[in-house]
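The values are calculated or read from the model by the stated rules, or taken from the named source; none is laboratory data. Given the structure is predicted, the values throughout are model-derived calculations rather than measurements. Counting neighbours? That spans all protein chains shown, and the Cβs are built from the backbone with ideal geometry, glycine included.
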């Protein structure tokens, strides 16, 4: 608890006795106040020629230094703790402050509230990606250049339903430039399959209807070998696919065996390990900038934008693949920035 400031009478008496030749100890005994208090009053009088309370630089903090450190420590250790919870914890130790005060303290320490990014939930079984990253960290760059990466993704006609923020003036919320166009049922979407390597992008195929084992095998028969040939991967290339049941079906794996195609062993639930995810994100952004008005245009723009991916962009993704593996290892098999 902070000491109450003395009334003007006490400091004035201290100075008066000091001028009369009394020492700090005698003044302290005469007025029954600490010697240190006498010293502070005298020093203040010598420097400012007054015993009046001087104006402070600002409003005194309601929180003690200990409570401030505790707030910062709690927020750092528990990133998802709310301002309400922090407010209650400070009230329990006798410091009742507004949420904005707590927020301001955290901001000064470099902690800011941000929307948490969503990543697939990883169970222990999914930590196999850690084993994958560790076992492949020492592979040569040439090994990754031989890999043909593949995946499927859904692309919506009007994009996803994520929030978008706009800077606008009052009463302009319905202006066209401040709105996101939507249609009933979202306007539909298409599923596409595609592949790429460090030498560039391979084929992209629109998937009609629901994907099943037979349809997936047809896509492979009509596009995989041709893509590998166009990208000049040679006969000893390695094919990457995830562990979708259709991909790992017995008939599919027999097809790979008959074609003498080596399939990269892949851990479950590990999109962070597949560099095609970066191309998917860039593709969707580019396609929606084209503003397709129907599914036919959506498919056309998807294929056009896919082919626009430069060889240098694809090569850079594969060149940095060891860094991706290092990030997975650092995260102990968990989610990474990739």
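What the table shows:
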| read-out | value |
| --- | --- |
| Given (1) without any contact (Cβ under 8 Å) to a residue 24 or more places away in the chain; (2) more than 30 Å from residue 16 (Cβ to Cβ), index of the condition residue 93 fails | (1) |
| Residue that is nearest to the chain's Cα centre (by Cα) [pool: residues in region 257-276 that are buried (at least 16 other Cβ atoms within 10 Å of the Cβ) and outside any loop (DSSP other than H, G, I, E, B)] | 272 |
| Residues of region 202-241 that turn out to be surrounded by 14 or more Cβ atoms within 10 Å (Cβ to Cβ), in a loop (DSSP other than H, G, I, E, B) and in contact with a helix residue (DSSP H, G or I) (Cβ under 8 Å, 6 or more places away or on another chain), as a count | 1 |
| Which listed residue is exposed (fewer than 13 other Cβ atoms within 10 Å of the Cβ), in contact with a helix residue (DSSP H, G or I) (Cβ under 8 Å, 6 or more places away or on another chain) and in the same structural domain as residue 195 (by TED's automatic domain parsing), from 312, 251 | 251 |
| Subset tally (residues that are surrounded by 13 or more Cβ atoms within 10 Å (Cβ to Cβ) and either at pLDDT 80 or above or more than 20 Å from the chain's Cα centre (by Cα) (or both)) for region 97-126 | 9 |
| Matching residues, region 147-166, being at pLDDT 70 or above and surrounded by 17 or more Cβ atoms within 10 Å (Cβ to Cβ) | 147, 148, 149, 150, 151, 152, 153, 155, 157, 158 |
| Test for residue 287: is it touching a strand residue (DSSP E or B) at 6+ places or on another chain (Cβ under 9 Å) and surrounded by fewer than 17 Cβ atoms within 10 Å (Cβ to Cβ) | no |
